[in-house]
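Visitor: This is the structure, below, for whatever I ask next.
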Amino acid sequence: MVATPIEELAPRTEEEVREHLQSGKLVEGLQHMSPQYLQGIRRILTVSADTELVSAPSYLRAAQHAPALNNFGSAMSIVQDELAHAHIGYRLLGDLGVDMDWLIYERPAAEFKYPYAFDVPLDSWTELVCANALYDQAGYVLLSDVHATSTFGPWKRALAKVDKEETFHLRHGRTWLKKLCKHPDGRAEVQAAVDWMFILTLEWFGLPDARKRHGIQLEYGFKGLSNDELRQAWMAAVVPFMDELGIEVPVHLDEASGGYVIDCPFPRAFDEATKTWGDEITWDDVIARWKARGPMNEAYVEKLQRGYRTTSFRRAG
Ligand SMILES: [Fe+2]
Ligand SMILES: [Fe+2]
């Protein structure tokens, strides 16, 4: 990868970026960025685009279990949306001086930055629709926050479309969960899926606020809410729906504070082979698990990159 140093790409000083933002303007491109702004926006855009991209092979694999052809069609339209969402992020990164071919097609699997949850395979239709209800809800919470607070104009505007499509994914998940939970066998399957997926989604929002400072992220509007606030927003959306379904989740609402309290050990050891949770561990242990990546990382990235290696549709140098 030939990369231009970010100091050359982003000409503004931190002071100039702050003045620009304080005057109520959005950052529209490299010409408005400082090196620190560029580094920050590249990081968050990469996480977002990687998450969208890897959800495609994950959902595609699970869609093979669709009960009927029209259900397979709905899942395919979600996969198509996710690829389009990923494309928005990578295209913006291309405008910000990142080599898109390297980023999407040549980057080693271990360097992708999506949440660990997607490294664990979805092995049934029930697990796919649970992912729509839990993971897409997490994505929706995160992207709504970016949409509301982002100072990077091109992304902020593009998210209006993404938000609407994520609403469809969520509705797909919820409609199916309601249908499955009408029967005891279906509810038992949903419960088994939620048992491993719920805690993985709690992890999705990252280290607790006490462990992590987000100075630059919050100041430049890369995100508005803290990790713990985002985790709470996700639980506030998901837990009442789970109650409605009669599905148990290991948290309860604390009436006094109005926030959710996690009742199980957290963070917690995860057995990838059996998709079961063990004893409480430290966040350092969780970070080590995230860094090692999970069972599907290489297979999913291989699926996404294979066509690039076997065709000659390369960008002109
Ligand atoms: Fe998406
Ligand atoms: Fe989605």
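Visitor: How many angstrom lie between the Cα centre of the range 189-220 and the Cα centre of the range 262-317?
Guide: Answer, in whole Å: 15.
Visitor: What is the order of His20, His87, His169, His183, fewest Cβ neighbours within 10 Å to most?
Guide: Going from sparsest to densest Cβ surroundings: His183, His87, His20, His169.
Visitor: For the range 179-317, what does the alpha-carbon gyration tensor say about shape, rounded, prolate or oblate, given a ≥ b ≥ c as the root eigenvalues, a/c under 1.5 as rounded, and a/b over b/c as prolate?
Guide: Oblate shape, in that a/c is at least 1.5 and b/c is the bigger or equal ratio.
Visitor: As an exercise, identify the trypsin sites (Lys or Arg not before Pro) in the range 173-244 lying in DSSP coil whose Cβ has no more than 13 other Cβ atoms within 10 Å. Write out the running numbers ahead of the final one.
Guide: Values: sites: Arg174, Lys178, Lys179, Lys182, Arg187, Arg211, Lys212, Arg213, Lys223, Arg231; in loops: Lys182, Lys212, Arg213, Lys223.
Counting only loop positions with at most 13 other Cβ atoms within 10 Å, the trypsin sites (Lys or Arg not before Pro) in the range 173-244 are Lys182, Lys212, Arg213.
Visitor: Additional query: Pairs Lys25/Lys113; Lys156/Lys178; Lys25/Lys156: which are spaced more than 21 Å apart, C-alpha to C-alpha?
Guide: Lys25/Lys113; Lys156/Lys178
Visitor: At a 10 Å Cβ-Cβ cut-off, how would you order Thr4, Thr175, fewest neighbours first?
Guide: Least crowded to most crowded, the residues run Thr4, Thr175.
Visitor: Rounded if a/c is under 1.5, else prolate if a/b is larger than b/c, else oblate: which is the range 4-69, with a ≥ b ≥ c the root eigenvalues of its Cα gyration tensor?
Guide: prolate
Visitor: When a/c is below 1.5 the answer is rounded, else prolate if a/b is larger than b/c, else oblate, so apply that to the range 151-225 with a ≥ b ≥ c taken from the square roots of the Cα gyration tensor eigenvalues. Let's see the in-between values first.
Guide: Details: a/c = 5.77, a/b = 1.64, b/c = 3.52.
It comes out oblate by the Cα gyration axes.
Visitor: In the neighborhood of Pro240, defined by Cβ-to-Cβ distances under 15 Å, what is the net charge if each Lys or Arg adds +1 and each Asp or Glu adds -1?
Guide: -3
Visitor: What is the local net charge at Asp284, summed over the other residues whose Cβ is closer than 11 Å to its Cβ (Lys, Arg +1; Asp, Glu -1)? Intermediate results must be reported in sequence, preceding the final value.
Guide: Numbers: positive: Arg211, Arg289, Lys291; negative: Asp285.
Charge balance in the 11 Å sphere: +2.
Read the figures in this text as sums done on the coordinates, not as results from a lab. It should be emphasised that the depicted structure is a prediction, and the values quoted were computed from it without experimental measurement. In this analysis, Cβ positions are derived from the backbone assuming ideal geometry, glycine residues included, and neighbour counts consider all displayed protein chains.
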